[in-house]
Each structure stands twice: as structure tokens, then as C-alpha cells.
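*Asks:* The structure's right below; bear with me while I get my questions together.
Each value in this text was obtained by applying a stated rule to the coordinates, not by laboratory testing. These figures come from a predicted structure and were not determined experimentally. Using ideal geometry, Cβ is built from the backbone for each residue, glycine included, and neighbour counts are taken over all protein chains shown.
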Ligand SMILES: [Zn+2]
């Protein structure tokens, strides 16, 4: 066994420091997994320090993906013209019959793609049927550990199906489909958290690398009693909560129908909101919702690629920032994104703010977009003050970008160029906690050729075993689409004062 040196000195790089628009020629002294000192080029370092020569490279803080789904990687590119509700109706087909090995494999694929594209930490809302298990959660945790990245992992839980969640949908289904979806009914919620609580109490984890959270997946898919149980569980163990809130117009309309108030106001009434709460998407938040979230110190994980791909709409990040909400950026799962490229997500976050209207004062700036993709994400994941900045005392989660790559010819303004030009193809090396996970464009932690064989074998097996579910899903999608297209014609209240753009 070789022991890694205590100190590492990164020399000759251009480094993007917090709050700066332009990278600077400085050296970084790392002690173990932490940035210890930032000094002028040629600064002194302990004699036994390992030397990383980063000449010709830009170093920026690792990107943080605030919303992804580990199970999505095996289902990438399986759909095209799907709204969120059609994606959910396809769930038993595209994510069904997963073995323990499939769960590990899918999260590994997810993590491998992220680190190869410059992401060093993620918030993964993974899914297990019928409920999170100790083995399943251990497999997801192991996958991210094996890839070598930080993660906050949160099992998605629910006690209602899509067909019970949207008022009127079940009754609108043809008789044959109603009995088919009856088979999807969830178990009583009291059972659902047992495996989760067992994992939390039994498993020793390195909290510097891995955090546990809980994801009541969509408020409408959870009874109020279950949401209360999730709140109590999270408070008891000091864990984060993450939920898809006001992602689609259908959800926003259904929330008002079911609760007589917005989804955010309902979660507030039930006591779920707090600084550890992350809203995924928030496309249909109204100004009061944003004030409520800001008042609790909550975060929003913005997923522009998914929001466009599923036709959910365009979230209003400027209004969220003005209200004081912590804003982070995510890719969403590869079953709705369809990739794990945080450069692309950050670029789209900037662009989405710009297509909302011609008043450029309302647009996101590139420093705001990059802040959301780093420090905003760190806070949502529960790693604030540890990652997301290149600063003494922060973890050495660093991305080394090749300044000789076409993306950087010429290198004008660093932050503009990271947000608007870089697409991940110039990433050469990725270091997480002072250890290289990617070097010279090659993943060091996972055998990609073996992963490719496993992914193809799993795809083939799942395609065969889920074939009957595909037939059912296609019938369901037709029925769900016709119901939801009708429902979505109703105006939602924020449309009256024009908050989100459609
Ligand atoms: Zn999601």
C-alpha cells in the first residue's frame, strides 16, 4: 500500500478565485484533502510535497449538481415528447425491475459522467421500489464512493401514485387502465421509512464525503400524514429534505385544487420548510412562495434542461434571487435531461434568464450562474463552507481545464467563458479531496470498458423484462396526455400577474 503525501503543490496554473472574473497566476498548497494556502507563483512548499504542474491549465472549483437521479442513467434517451406526467407514467417501464446490481450500476454511470464533465458533488434523488432499503442505499453510497465524488443521497418516497396525485386523473382513465394502475398502489407509509431509518442508524458514513437526506418526491404524491412523518424523520436525524415542488403546471394547478393553497404554502403549513429544504425546479413558484422559501433559508435547484425538455416552463431565477432564495443548478436525471453536464446546465440557466424578456437588468450574470453552480449547490447539499470555492480551508475539489483547447482560444473573460463557452470537452483533470479522479481525460477510479459491458447487458435484460410495461406505459401515456392537456388549459394564478414566462 502506498501512502499519499501529506502536501501537494499545484504550480503554474491560472486559478479562478472567489468573486473574480478573471483567473490569476497563483499556486495552491494542499494539505491532504484541503486547500491550505494560496500564494504567488513559486511560493515555498514543504520539501516532500507532491508537485502538480498545471502549466497551460485553468483551475476552477468543482461544479456541484444540485439535482440528479442515479436511477436515470440507465434510462437515458428512452423518451422524446414527454411532459413530466408522461415521464412519470413511463416510470414502471423505464425504471422497473431493477436489481441491486442495476441500482449500483446506474448510480455509477451517473457519477462517472459527472466527474468526467467537471462535477465533483451531487444531490442524488434515487428511487427504489417499493421503498428504500438498507442494501439499495448502501449500493448508491458505494457507487459514489467508488467513483470518488461527494454526494448527498436522498431516496425518493411517496405513498400515492400519479393517478391518485392528480385530482380527476384516475376517474378519467378507461376501466381497463384503472385496474392496471391499481397494481401500482403504494404500501402504507408507515412501512416506507423503515429501511431508510435502518440505514441511517446502522451505517457509518464519512460525512465529509457523503450525506443522507430524504426526498418526499412530489408533495401531491404524499399524504399529509406521510409528509409529516418525513419531516419528523428528517428533524430527528438532522437530515435535509428535497422535493419536486411546482415543477409542472399540472402540479401547480393540482396543488390549489387539493389543498386550496400553493404547494409551497402547504409545505410551510406542515412545517417541512427550513434551511435544509431544497425545492427542485420551482418553475411555477409565485412571489409569495419565493418569499416563504427565502424566509426559511431554503434552496431551489434549477434544472433548465429538464424544464425545457419536459415543457415544464422557465423558472424565474431573478425573482428568486431578489427574494433572497438560495439558488443552485442541477441537470435532473438522465431520463429527463438527458445528460449530466453541469457546464451545459449552467449555460442554459444563463440563457433561460435571457429569453424571459428584453430587460437585460433582469438577466442572470455569468458570476451569478457560476455561483449557483458551485456555492449555491454546496449550500443545498449541506456542504456549505466546505466546497464550492477555491479558498484556504475549503476542500481541494478542483477542475483543470486545458487552455489550449479550442474552447479557450483565445481566453478572454474567464467566468464568461466557463459559463457560456465551456461544454466539458476541455476538462483534462478532476481532483476531489486532493485526489485525482480524472487525469488526462481518463477516469482513474472506474473501469469504463467494464462499465460499458455491464450497461449494455443491463439495458438488454431490462428491455426484455420491461417489454410488457412498455406496452402498458404507452397506453397510459395516451390517457394521461389527453387528461393533462385539458387540465393545463386552466389558468394558474401566477399567470395573472405574469411571474413565470410560458
Ligand atoms: Zn428530478
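*Asks:* Looking at the calculated P(r) for segment 195-288, what percent of the C-alpha pair distances fall above 24 Å?
*Replies:* Values: 1027 of 4371 pairs.
Within segment 195-288, distances greater than 24 Å cover 23 percent of Cα pairs.
*Asks:* Beyond 27 Å, what share of the Cα-Cα pairs of segment 98-257 remains, rounded to the nearest whole percent? Kindly include the intermediate steps, with their values, before the conclusion.
*Replies:* Values: 3783 of 12720 pairs.
Result for the distance tail: 30 percent.
*Asks:* When the helices in the chain are scored as -39500 (n - 2.57) per DSSP H run of 4 or longer and the sum is shared across all residues, what 222 nm value do you end up with, to the nearest 500 deg cm²/dmol? Display every interim value, and only then the final one.
*Replies:* On the way: 22 runs with 199 residues, N = 502.
For the chain, the value works out to -11000 deg cm²/dmol.
*Asks:* If one takes the longest principal axis of the Cα atoms in the chain, at what angle in degrees, from 0 to 90 and to the nearest 10, does the Cα axis of helix 100-116 lie?
*Replies:* For helix 100-116, the angle is close to 50 degrees.
*Asks:* Give the Cα extents of the chain along the principal axes, in whole Å, largest first.
*Replies:* 75, 53, 43
*Asks:* Related question: At q = 0.31 Å⁻¹, what is the log10 ratio I(q)/I(0) for segment 221-274, with the Debye formula run over Cα points and no solvent?
*Replies:* -1.33
*Asks:* While we're looking at this one, here's another question. For segment 176-234, report the convex hull volume of the alpha-carbon atoms normalised per residue, in Å³, without decimals. Numbers along the way, then the final one.
*Replies:* Working: hull volume 6.8 nm³, N = 59.
Per residue, the Cα convex hull of segment 176-234 comes to 115 Å³.
*Asks:* Remind me, relative contact order of the chain in percent, using alpha carbon pairs under 8 angstrom and six or more residues apart? Can you show the working numbers first?
*Replies:* On the way: 1081 pairs, mean separation 108.8, N = 502.
Normalised by residue count, the contact order of the chain is 22 percent.
*Asks:* Relative to a virtual label point 7 Å from the Cα of residue 471 in the Cα→beta-carbon direction, which members of segment 86-103 show backbone nitrogen distances below 19 Å?
*Replies:* Of the residues in segment 86-103, 90-97 have backbone N under 19 Å from the label point off residue 471.
*Asks:* With all pairs of different alpha carbon atoms counted, what Kirkwood hydrodynamic radius in Å does segment 138-212 show? If you can, show how the numbers build up before the last one.
*Replies:* Working: mean 1/r = 0.0659 Å⁻¹.
Computed over Cα pairs of segment 138-212, the Kirkwood hydrodynamic radius comes out at 15.2 Å.
*Asks:* Below 8 Å between Cα atoms, with a sequence gap of 6+, how large is the relative contact order for segment 105-264 in percent? Don't skip to the end; give the middle numbers.
*Replies:* On the way: 216 pairs, mean separation 39.3, N = 160.
The value is 25 percent.
*Asks:* Could you give the Stokes-Einstein D for segment 36-96 in µm² per second, using the C-alpha Kirkwood radius, 37 °C, 0.692 mPa s?
*Replies:* Working: Rh = 16.8 Å.
D, rounded to a whole number, is 195 µm²/s.
*Asks:* Let me know the volume per residue of the alpha-carbon convex hull for segment 15-70, in Å³.
*Replies:* Enclosed volume per residue, from the Cα hull, is 139 Å³.
*Asks:* I would also like to ask the following. Go ahead and collect, in residue order, the members of segment 364-406 whose backbone nitrogen is under 18 Å from a label point 7 Å along the Cα-Cβ direction of residue 440.
*Replies:* 400-405
*Asks:* Dividing the alpha-carbon radius of gyration of segment 26-162 by 2.2 N^0.38 Å (N being the number of residues), what value is obtained? Intermediate results must be reported in sequence, preceding the final value.
*Replies:* Numbers: Rg = 19.7 Å, N = 137, 2.2 N^0.38 = 14.3 Å.
Scaled against compact globular proteins, the figure is 1.38.
*Asks:* Between residue 20 and residue 405, what is the FRET efficiency for a Förster distance of 25 Å, r being their Cβ-Cβ separation, to the nearest 0.05? Mind showing how you got there, number by number?
*Replies:* Working: r = 21 Å, r/R0 = 0.85.
After rounding to 0.05, the efficiency reads 0.75.
*Asks:* Calculate the FRET efficiency for residue 412 and residue 448 from the Cβ-Cβ distance with a Förster distance of 45 Å, rounded to the nearest 0.05.
*Replies:* Working: r = 34 Å, r/R0 = 0.75.
About 0.85, to the nearest 0.05.
*Asks:* In what sequence, highest mean first, do 173-186, 109-122 appear when ranked by Cβ atoms within 10 angstrom?
*Replies:* Numbers: 173-186: 13.6, 109-122: 27.5.
Ranking, from highest mean packing down: 109-122, 173-186.
*Asks:* Multiplying the sequence separation of residue 224 and residue 81 by 0.36 nm and subtracting their Cα-Cα distance, what value in nm do you get?
*Replies:* On the way: separation 143, 0.36 × 143 = 51.48 nm, distance 3.22 nm.
Taking residue 224 through residue 81 to full extension adds about 48.3 nm, to one decimal.
*Asks:* OK, next. Measure off 7 Å from each Cα along the Cα-to-Cβ vector at residue 456 and residue 258, then give the distance between these two points in nanometres to one decimal.
*Replies:* 4.3 nm
*Asks:* Another question, if that's okay. Given N residues in segment 321-479, what is its alpha carbon radius of gyration divided by 2.2 N^0.38 Å?
*Replies:* For segment 321-479, the normalised Cα radius of gyration comes out at 1.30.
*Asks:* Over all distinct alpha-carbon pairs, what is the Kirkwood Rh of segment 378-456 in angstrom?
*Replies:* Working: mean 1/r = 0.0684 Å⁻¹.
So the Kirkwood estimate lands at 14.6 Å.
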